[in-house]
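Notes follow the structure.
The values are calculated or read from the model by the stated rules, or taken from the named source; none is laboratory data. Bear in mind that the values here come from a model prediction, so they are computed numbers and not experimental data. Backbone-built Cβ (ideal geometry, glycine too); neighbour counts: all protein chains shown.
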Amino acid sequence: MPFIFINGQPYQVREDTNLLRAAQEAGISIPSLCDHPDLTPYGGCRLCNVEVKGLRLPAAACMLPVTDGMEVYTETEDLVEARKSILKLLLKNYYDSGNGNADKPNALLKWCDYYGVDTSQWTRKEPRYAIDSDPNPFIRVDLNKCILCTRCIRACAEVQGRFVWGLAERGFDSQIVAGSGVTLLEARCESCGACVEYCPTGALTHKPSFGAELPEKKVQTTCAYCGVGCNFDLNVKDNRVIKVTSNPNAPVNGVHLCVKGRYGYQYIQHPDRLRSPQVREYLLKGMPKPPAGESPWVTVSWDTALNLAANKLAAIKRESGPDAIALLSSAKCTNEENYLMNKLARQVIGTHNIDHCARLCHSSTVAGLGMSFGSGAMTNTVADIVEHAQAIFIIGSNTTEQHPVIGSKIRQAVLRRKVKLIVADPRRVDIAEFAQIYLRQKPGTDVALINGLMHIILKNNWQDQAFIDQRCENFDAFREVVEKYPPELVSKITGVTEKDLYKTAETLASNKPAAVFWAMGITQHTTGVLNVLTLANLQMLLGNMGVPGGGVNPLRGQNNVQGACDMGGLPNVFPGYQSVTNEAVLEKFNLAWQTTHADGSTPPLFNNKAGLTSTEMIPMAGTGKVRALVILGENPVMTEPDANHTRECLEACEFIVLQEIFPSETSHYADVLLPGVTFAEKEGTFTNTERRIQMVRQAIQPEGETRPDWEILADLAKRILAVEKRRPTGSHAGWDYASAAEVMDEIAAVTPIYAGVSHARLNTGAQLHWPVKDLNHSGTPILHIGEFTRGKGKFHPTEHLDPQELPDAEYPFLLTTGRVLYHWHAGEMTRRSQGLLDVYPDAYIEIHPEDAEALGILDHQQVRLSSRRGIALGKALITERVSPGLIFANFHFAGEQNGNNLTIAALDPVSKIPEFKICAVKLEVS
Amino acid sequence: MATPNHSYALAAPTLKNLEKEYPLNVPEQKAIIDRILETYCDVPGGLMVILNEIQSRVGFISQPVQEYVARVLNVPVSAIHGVVTFYSFFTTEPRGDHTLKFCMGTACYVGGTPQLIQKAEQILGTKTGRTTPDGKITLEVCRCVGACSQAPVVVVDEQLYGRLRPSKLPALIREITKASSNSSGE
């Protein structure tokens, strides 16, 4: 460790650092404008110039490596004079039209003040540039305040990896420009706001909150969009969320965020919010049920709504048995709420018919990885992978749009550490730009592709035989099947050249550890489980399991879809993946959740057969086998495949209780509407894609008469128990929770993988990845070290199978569906956040230029897609992201614009996940 | 709030989005650009050579060409735009048949370049950095050309004219235009 002298005082400092950072860490302030600890030093502003003994001229501290014995002076008279001159020169080109960001100090003015430079004397009196010169709805550009420190340019390049900002012209005319001098969005800006975050002067500010008053308080919480689990501060004034600001202490993301997290908060207090309980009029009048949506809503008290729901559910259970009721839990809600939903289903109603949207996204992952390793979650953390992986293989994940902050971290790994990135996706997704190898396999050929890679690896003896011998089983059976996938055949099935196959196999084999990432491109197939098993095979074959920088890493979609699975929001498991077929587990929960009737008898024990999946319960609601649905924060009309069929089923369902924050496409079919709250109005925890459990903290009071969802669930459960005259008698059978923290204590008591989780620990900064075995256990960031959860990792031989519906003469195009950066799932939240809608206002349908030309379709023209099941309308977006014959549509927009009107409910036989990614459609100008 | 008028996330412009007369849509010119890119894309620091060649052989480096080069070289377009706008040799619009470059070095500036520019703009009815509507003459400013002893200096194409006074400009411009019509008649 070098010893240096600063202003005559000795300091011991870190090696491999620059003088500015060393001084900062020693508590000595050296002025600087262009420096930021997250960004590479630039040496542009020259404010940090210092005098160093032995150097003839002052040197920029940010560019000066520390050396032992260095003698530095930071505030000599000459330096101060020079700094004043620099500040004056900057002010000569600086025009201030007012500060729109009250709680962020302006570094330029701060140093002027410090050195006594009179700003009123030196600043420009007239603006040089238009104020607010860019139409981006999130980022406000005022070049009059720009001091050319290039922090925005470096932030865009080094943090977000997008390279939108650049420096153009020279001398007096120098200015920052987007792309080739166009608007930010035209320059492919992703509106993440990183440039704003790093701007020292307010030349770039957050447009939606420009001019907002100072917040009364800032509440650190976890984002409610995707599964990355970013933390940020909700800024609150007068019980309103006025903006979102970065929090440097956020464990996953630091100060970085994506456009939805940073700017998509307007939905929280949107006028559309459901503010009081409502029931259909026919229920109050005791009339027969009219067709869905015809009986008007009547606003009622909580008592009326909950009693009505409790009585009706109890009656249906009495008449048709508990399995006539099915529950959809919510990956948008907290762990505590999902636990209660699971307890409501199993203890109160007595059915395993509980599922949630994980069925539609990663049920095949959970099933497949369970079979291979015994645990169906991401094995490594993002920070671990971006720091330690030598190669990253992304297959079927549009990472930069769906998990933007993870996407930017992968870009950083490629830029900083030259990690070898391989991307395989039928669409040329944005992250492919950073890939060393991009494979455009035909949709639905993933098993063949991976088997082909493993064939090459085995042929060349590149496998990790020691790992396989020690830690895996069933290798020979697997090897036999892979033998059948030589490159010639695989190339024919997948459309990937043999050369690329070989190059990919070699890259994976020679760059270890390698981490595999995947998302819906792998899971949403009739071969979803096979795809996952094949990727698990690949990682075992290469010995990439249980090591830093490796692993299988399914990126979970919703903020808390991992938690909703963990909490037993699945038909086959109690919380913590304790199987409903395991007698010991049944016994445990029978005791813990026991209730007793007035006559002293206890209800029948839980049955040992898994309940219905969401893709089964909705069709069964259509046939009357399921008479009632209890839905928490889901919108199945939008998100289930074959939306028209879903509508028919919900129409036929006798009784639907929906707990929601907005009226939705599904609320049209509901009979009782219970207004829940957003993440800003309640306490709880979310578990992110890395199995990291994080706090959600209440920032504002619930809107109107709404109540936190866990309170509503507890209230409903108590009322049903009262109707049935049952008393909770088991150790964890009661429903009198004073807080969400108490629910978490109960979760910990009955869920081994959450045994050491408590709000108290999380609130004192514990970073917990499950399994957390007890209150002293520090969690498990990397799974399967030394041994797999199931003991030995099991190779499963897998074979390529064709998708259910392929293009034909009548429906000649292959449709694949997905999401886009600016919207979130069924769109209830993002379509109520104005800026997001400004940027992406319509259901765009991606079409390849060749197809567009053949059909005479122009960019932005209205087009119509039809499949055997329905139609979807949208605007053409002509782009080479898709290949000829492939069409991409999203499901963010309601009604006729919903891509799920087209999709097919063909299910994976094991996990029952629908094949959202492949169906045949016809394309016409509408 | 203004609604941005753009195509969301168009990864890179497809050729179909470009104007007809742009070099990328003229097969001969595109062939030249492609040959340049092919020749120099793997040369370290090849960007400068490529831009130089395109400027010399195509005559200008328009926005779509910048984007095309960025895409082929896998370099951010913002970086290419930075280089193109930094060097006065590069232009983003077609130059006229002749270019008048006014030296803005200190000696020339003090010696009267601003007055010369003002006069030239007045005679030609165009602005510095632009080309006359007939495509004959482009006005530009440049950095010191190293002929300070003859300040103020104007460089016409490759030819240097020193100690120029605003009153002499009309004749000079007439001369250039005449030479131009002569040469175009050949």
Only one of (1) within 32 Å of the chain's Cα centre (by Cα); (2) crowded, with 17+ Cβ neighbours inside 10 Å; (3) not charged (D, E, K, R) fails for A:Ser579. Which number is that? (2)
Boolean, A:Lys912 is part of a loop (DSSP other than H, G, I, E, B), within 26 Å of the chain's Cα centre (by Cα), more than 14 Å from chain B (Cβ to nearest Cβ) and at positive phi: yes
Check region A:733-740 and report whether any residue there is more than 25 Å from the chain's Cα centre (by Cα), within 15 Å of A:Pro575 (Cβ to Cβ) and outside any helix (DSSP H, G or I). yes
For B:Ile61, work out the one condition from (1) assigned to a loop (DSSP other than H, G, I, E, B); (2) farther than 21 Å from B:Thr131 by Cα; (3) within 13 Å of chain A (Cβ to nearest Cβ) it doesn't fulfil. (2)
Picking from B:Leu73, B:Leu10, which residue would you name as being hydrophobic (A, V, I, L, M, F, W, C) and modelled with pLDDT under 85? B:Leu10
Is one or more of the residues making up region A:866-873 within 12 Å of chain B (Cβ to nearest Cβ) and over 25 Å from the mean Cα position of the chain (by Cα)? no
Can you report the number of residues in region A:405-460 which are aliphatic (A, V, I, L, M) and part of a strand (DSSP E or B)? 6
Heads up, the helices (runs of 4 or more DSSP H) in region A:598-701 (entirely inside) with at least 3 residues that are surrounded by fewer than 22 Cβ atoms within 10 Å (Cβ to Cβ) are A:614-623, A:643-652
Answer yes or no: is there a residue in region A:776-788 that is within 23 Å of A:Gly546 (Cβ to Cβ) and of a type in the set (D, E, K, R). yes
Would you call A:Arg83 touching a Pro at 6+ places or on another chain (Cβ under 9 Å), in a helix (DSSP H, G or I) and within 30 Å of A:Arg124 (Cβ to Cβ)? yes
Does A:Ile431 count as within 14 Å of another protein chain (Cβ to nearest Cβ), without any contact (Cβ under 8 Å) to a residue 60 or more places away in the chain, touching a Ser or Thr at 6+ places or on another chain (Cβ under 8 Å) and not basic (Lys, Arg)? yes
Answer yes or no as to whether A:Thr780 is surrounded by 16 or more Cβ atoms within 10 Å (Cβ to Cβ), touching a Lys or Arg at 6+ places or on another chain (Cβ under 9 Å), of a type in the set (Val, Ile, Thr) and within 14 Å of chain B (Cβ to nearest Cβ). no
Can you pull out every residue in region A:550-576 that is buried (at least 22 other Cβ atoms within 10 Å of the Cβ) and in a loop (DSSP other than H, G, I, E, B)? A:Gly550, A:Gly551, A:Leu555, A:Arg556, A:Gly557, A:Asn559, A:Asn560, A:Met567, A:Gly568, A:Gly569, A:Pro571, A:Pro575
Being more than 17 Å from the chain's Cα centre (by Cα), among the hydrophobic types (A, V, I, L, M, F, W, C) and either within 14 Å of chain A (Cβ to nearest Cβ) or over 30 Å from B:Ser167 (Cα atoms) (or both): is that true of B:Val72 here? yes
Scanning region A:804-860 for residues that are of a type in the set (Val, Ile, Thr) and assigned to a helix (DSSP H, G or I), the one nearest to the other protein chains (Cβ to nearest Cβ) turns out to be A:Val839
Report the residue count in region B:156-170 for those that are of a type in the set (S, T, N, Q) and farther than 16 Å from B:Thr99 by Cα. 1
Residues that are at the interface with chain B (Cβ under 8 Å from one of its Cβ atoms) and modelled with pLDDT of 95 or more, at least 1 per element: which strands (runs of 3 or more DSSP E) completely within region A:152-216 meet that? A:165-168, A:175-178
